[in-house]
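**Q** Have a look at this one.
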Amino acid sequence: MANYRIAPSILSANFAKLGEEVSAVIDSGADFIHFDVMDNHYVPNLTIGPLVCEAIRPVTDAIIDVHLMVEPVDRIVPDFAKAGANIISFHPEATRHIDRTIGLIKEQGCMAGLVFNPATPLNYLDHVLDKLDLVLIMSVNPGFGGQKFIPEALPKLREVRRRIDESGRSILLEIDGGVKVDNIAEIARAGADTFVAGSAIYSAGKDSDPHRYDTILSAL
Ligand code: DX5
Ligand code: ZN
């Protein structure tokens, strides 16, 4: 099996017991925690920020994979770095100077990721792929968990896989949105190696079921 990883998104976790929800997936073997940050401006929803990242940092040594759906981006980057984020990804439309934002994330000691919405062209990669640690392809429009997978993400994944392989660099290729037991194998065949899964693992408001992590992993 290739080197695949599941990144459970705590967006769908039970926030009243967030520490336990994080530990539950870590105990199941997760080595990434996907952390969705929404600002009610770039996306029409409002979630969690650096204080919550800081609060979960002592709960785990896993990679905290921060997905910023905020505009502007730069102002909040140092706060997440201080809060213990390992990866910080952002949307190119949300910042004025993409190259500068990537540089800022790296200066702060984090890995940098660029995120592509379903209708965002991949051209941005022409100029910055060599500086990235992760490319994230959105397979839903950002803002909410529990949406349906948009299949146009598959050819996009294939194209980014090709570009990454051609670059010869080790860059993670992550997919986010609507990843389920019944489509994860096909998504992997299109080239993803890192799979965000929110509602497939957590059921908001209810205690998590550790078997859900194993189930989705075994579908790969
Ligand atoms: C959506 C978020 C996703 C979301 C995925 O804007 O970026 O990470 O939590 O949730 P599911 O897996 O339920 O589609
Ligand atoms: Zn996300």
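The values are calculated or read from the model by the stated rules, or taken from the named source; none is laboratory data. None of these values were measured; they are calculated from a predicted model. Note that we place each Cβ from the backbone using ideal geometry, even for glycine, and neighbour counts take in every protein chain shown.
**Q** Out of ALA153, ALA188, which single residue is closer than 25 Å to ALA30 by Cα and in contact (Cβ under 8 Å) with a residue 60 or more places away in the chain?
**A** It is ALA188.
**Q** So, of the residues in segment 127-139 that are surrounded by fewer than 20 Cβ atoms within 10 Å (Cβ to Cβ) and in contact with a Lys or Arg (Cβ under 9 Å, 6 or more places away or on another chain), which turns out to be nearest to ASP182 (Cα to Cα)?
**A** If we take residues in segment 127-139 being surrounded by fewer than 20 Cβ atoms within 10 Å (Cβ to Cβ) and in contact with a Lys or Arg (Cβ under 9 Å, 6 or more places away or on another chain), then LEU129 is nearest to ASP182 (Cα to Cα).
Table: residues versus (1) away from ligand 1 (no atom under 11 Å from the Cβ); (2) outside any strand (DSSP E or B); (3) touching a helix residue (DSSP H, G or I) at 6+ places or on another chain (Cβ under 9 Å); (4) over 25 Å from ASP193 (Cβ atoms).
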{"site": "PHE35", "(1), (2), (3), (4)": "no, no, yes, no"}
{"site": "PRO44", "(1), (2), (3), (4)": "no, yes, no, yes"}
{"site": "CYS53", "(1), (2), (3), (4)": "yes, yes, yes, no"}
{"site": "ASP61", "(1), (2), (3), (4)": "yes, yes, yes, no"}
{"site": "LEU68", "(1), (2), (3), (4)": "no, no, yes, no"}
{"site": "ARG75", "(1), (2), (3), (4)": "yes, yes, no, yes"}
{"site": "PRO78", "(1), (2), (3), (4)": "yes, yes, yes, yes"}
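**Q** Go through LEU125, LEU132, LEU136 for me and flag whichever is under 16 Å from the mean Cα position of the chain (by Cα) and more than 16 Å from ligand 1 (Cβ to nearest atom).
**A** Of LEU125, LEU132, LEU136, the one residue that is under 16 Å from the mean Cα position of the chain (by Cα) and more than 16 Å from ligand 1 (Cβ to nearest atom) is LEU132.
**Q** Sort out which residues of segment 56-84 are of a type in the set (Lys, Arg) and either within 15 Å of ligand 2 (Cβ to nearest atom) or more than 21 Å from ARG100 (Cα to Cα) (or both), and write them in order of number.
**A** ARG57, the sole residue that qualifies.
**Q** Only one of (1) under 26 Å from LEU11 (Cβ atoms); (2) more than 16 Å from ligand 2 (Cβ to nearest atom); (3) surrounded by 15 or more Cβ atoms within 10 Å (Cβ to Cβ); (4) aliphatic (A, V, I, L, M) fails for LEU157. Which number is that?
**A** Among (1) under 26 Å from LEU11 (Cβ atoms); (2) more than 16 Å from ligand 2 (Cβ to nearest atom); (3) surrounded by 15 or more Cβ atoms within 10 Å (Cβ to Cβ); (4) aliphatic (A, V, I, L, M), the lone unmet condition for LEU157 is (2).
**Q** Yes or no: ARG100 among the basic types (Lys, Arg), more than 25 Å from ALA200 (Cβ to Cβ) and assigned to a loop (DSSP other than H, G, I, E, B)?
**A** Answer is no for this residue.
**Q** Of the conditions (1) without any contact (Cβ under 8 Å) to a residue 24 or more places away in the chain; (2) farther than 19 Å from GLY113 by Cα; (3) in a loop (DSSP other than H, G, I, E, B), ARG212 clears all except one; give me its number.
**A** (3)
**Q** If I filter segment 161-176 for residues that are modelled with pLDDT of 95 or more, in contact with a Pro (Cβ under 9 Å, 6 or more places away or on another chain) and buried (at least 19 other Cβ atoms within 10 Å of the Cβ), do I get at least one hit?
**A** yes
**Q** Give the residue, chosen from ILE56, ILE10, ILE87, that is in contact with a strand residue (DSSP E or B) (Cβ under 8 Å, 6 or more places away or on another chain), modelled with pLDDT of 95 or more and either within 19 Å of GLY178 (Cβ to Cβ) or of a type in the set (Asp, Glu) (or both).
**A** ILE10
**Q** Now a separate question. What are the residues in segment 86-97 that are surrounded by 15 or more Cβ atoms within 10 Å (Cβ to Cβ) and away from ligand 1 (no atom under 15 Å from the Cβ), if any?
**A** ASN86, PRO92, THR95
**Q** Among the residues of segment 178-200, is there at least one that is within 14 Å of ligand 1 (Cβ to nearest atom) and within 19 Å of VAL70 (Cβ to Cβ)?
**A** Within segment 178-200 (the criterion being within 14 Å of ligand 1 (Cβ to nearest atom) and within 19 Å of VAL70 (Cβ to Cβ)), the answer is yes, since at least one residue qualifies.
Let's see how each residue does on (1) closer than 30 Å to ASN40 by Cα; (2) outside any helix (DSSP H, G or I); (3) in contact with a Leu (Cβ under 6 Å, 6 or more places away or on another chain):
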position: LEU104; (1), (2), (3): yes, no, no
position: LEU157; (1), (2), (3): yes, no, no
position: ASP182; (1), (2), (3): no, yes, no
position: LEU217; (1), (2), (3): no, no, no
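**Q** Please identify the pairs in which a residue from segment 97-117 that is at positive phi has its Cβ atom under 7 Å from the Cβ atom of a residue that is modelled with pLDDT of 95 or more and part of a helix (DSSP H, G or I), counting only partners at least 6 apart or on another chain.
**A** GLY109/ALA81
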